[in-house]
Ligand SMILES: [Zn+2]
């Protein structure tokens with residue numbers, strides 16, 4: 001359940017995201033303060049200072065916790081597994097950011113999902129490359145597409161393809177993103193869930 005205030009905050013950020021964001025705009029906390037968490041924070045700060053993520057920023061509160069599965073709420077949380085892979089590290093951060101957009105624009109998300117059901121009346125379960133349940137699988141077709149396009153805008157298309165193709169989870173979902181990009185992107189655009197990098 002999203003409270004009106006949260007929607008207001010998220011949409012305010014959405015509306016004002018033309019301003020450049022840098023690492024100092026973010027509140028980045030560490031789970032335990034381990035060496036790898038410190039290294040991941042340093043990496044994230046460097047990436048935020050060298051890549052304009054403002055079009056894809058919907059929350060400024062970040063936690064880096066070694067061993068956690070990345071997730072978006074209540075605080076955007078990432079882990080330390082991509083210390084050697086900048087594009088993958090930033091793509092995970094952007095993925096979780098897009099969940100904040102989806103939550104703020106829940107009605108648009110649900111309308112987009114209705115359209116996705118026409119293209120994909122049946123989606124696989126988690127073991128077959130989907131997400132944890134059917135709704136989450138449809139959500140991740142949207143988030144996966146948004147993540148792919150944002151990563152391509154920052155690192156180029158071939159690097160984005162590499163990042164998306166090597167994801168260890170949601171294999172079916174990310175395959176649709178790469179193989180059916182135009183159709184999913186049209187649904188994202190139709191429901192105003194697209195963001196345009198400056
Ligand atoms: Zn996700």
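Please treat every number below as a calculation from the coordinates, not as lab data. Computed from a predicted structure; not experimentally measured. Positions of Cβ are backbone-derived with ideal geometry, glycine not excepted, and every protein chain shown enters the neighbour counts.
Observations on the structure shown:
- Compared with the alpha-carbon gap, the fully stretched path from residue 107 to residue 194 is longer by 29.9 nm at 0.36 nm per residue.
- By other beta-carbon atoms within 10 Å, ranking 81, 64, 113, 94 with the fewest at the front produces 81, 113, 94, 64.
- Span from the segment 141-175 Cα centroid across to the segment 42-94 one, whole angstrom: 15
- Contact order relative to length of segment 106-190, as percent, for alpha carbon pairs under 8 angstrom and 6 or more apart: 33
- The order of 76, 47, 116, 83, going from fewest to most other C-beta atoms within 10 Å of their C-beta, is 83, 47, 116, 76.
- DSSP finds beta bridges in the chain, and of those with both partners inside it, around 10 percent are antiparallel.
- Computed E for residue 36/residue 159 - FRET, C-beta separation, R0 25 angstrom, nearest 0.05: 0.60
- FRET efficiency for the pair residue 183 and residue 128, taken as 1/(1 + (r/R0)^6) with r the Cβ-Cβ distance and R0 = 35 Å, rounds to 0.95.
- On the beta carbon distance between residue 27 and residue 71, with R0 = 25 Å, the FRET formula returns roughly 0.90.
- For the chain, the relative contact order is 19 percent, taking Cα pairs closer than 8 Å that sit 6 or more residues apart in sequence and dividing their mean separation by the residue count.
- Prolate/oblate/rounded label for segment 106-190 (Cα gyration tensor, a/c 1.5): oblate
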